[in-house]
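So the structure is just underneath, and the comments pick up after that.
The values are calculated or read from the model by the stated rules, or taken from the named source; none is laboratory data. In this text the structure is predicted, and so the values were computed from the model without any measurement. In this analysis, Cβ positions are derived from the backbone assuming ideal geometry, glycine residues included, and neighbour counts consider all displayed protein chains.
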Amino acid sequence: MNGCFDQDVLVLDSRVGEKTSVLTAGAFPVIESISAITLATHNMARAVRFYRMLGFDLIYGGDDAAFTSFRAGSSYLNLIAQPAERTWSWWGRVIFYHGDVDGLHATVVAAGYRPDTEPCDASGSST
């Protein structure tokens, strides 16, 4: 990635031990959508297989890449490889909408993954 974007975007990059900016509510217009989410992984090949199995469209990188990007509707899901010695205590949470969440859950389980929760209706949820 070269750091250039097709439109004006605000990029917030939070790293452990570095100062981060806090935006005051009302100081900026409401965020309209998320352009991209980047997740770190110790095993790019495994992560790429997982997101391709979920139906994400691989558009850059792949199993052996340091950086991989998938199309997620009009947004992007990115993966960045991190060395094994890089640790984190909690990765966060990303919620994806899917037209057949029960079918997708069944596909994930059939592929040998064990989700922490069963699918549920997230409408109206703010978390």
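Here are some notes:
- For beta carbons closer than 7 Å, sequence separation of 6+ or different chains, a first residue in the stretch 35-58 that is within 16 Å of ALA72 (Cβ to Cβ) and a second that is at pLDDT below 95 and in a helix (DSSP H, G or I), the qualifying pairs are LEU54/LEU104.
- Scanning the stretch 91-102 finds one or more residues that are more than 22 Å from MET44 (Cα to Cα) and either outside any loop (DSSP other than H, G, I, E, B) or among the basic types (Lys, Arg) (or both).
- Residues of the stretch 74-93 satisfying the condition of being touching a residue at least 12 places away in the same chain (Cβ under 8 Å) and either surrounded by 10 or more Cβ atoms within 10 Å (Cβ to Cβ) or among the aromatic types (Phe, Trp, Tyr) (or both): SER75, TYR76, LEU77, ASN78, LEU79, ILE80, ALA81, GLN82, ARG86, TRP88, TRP91
- Output for the stretch 59-81, where each listed residue is assigned to a loop (DSSP other than H, G, I, E, B) and modelled with pLDDT of 95 or more: GLY61, GLY62, ASP63, ASP64, ALA65, ALA66
- Looking only at the stretch 27-58, and only at residues there that are in a strand (DSSP E or B) and among the small types (Gly, Ala, Ser), the one that is farthest from TRP91 (Cα to Cα): ALA36
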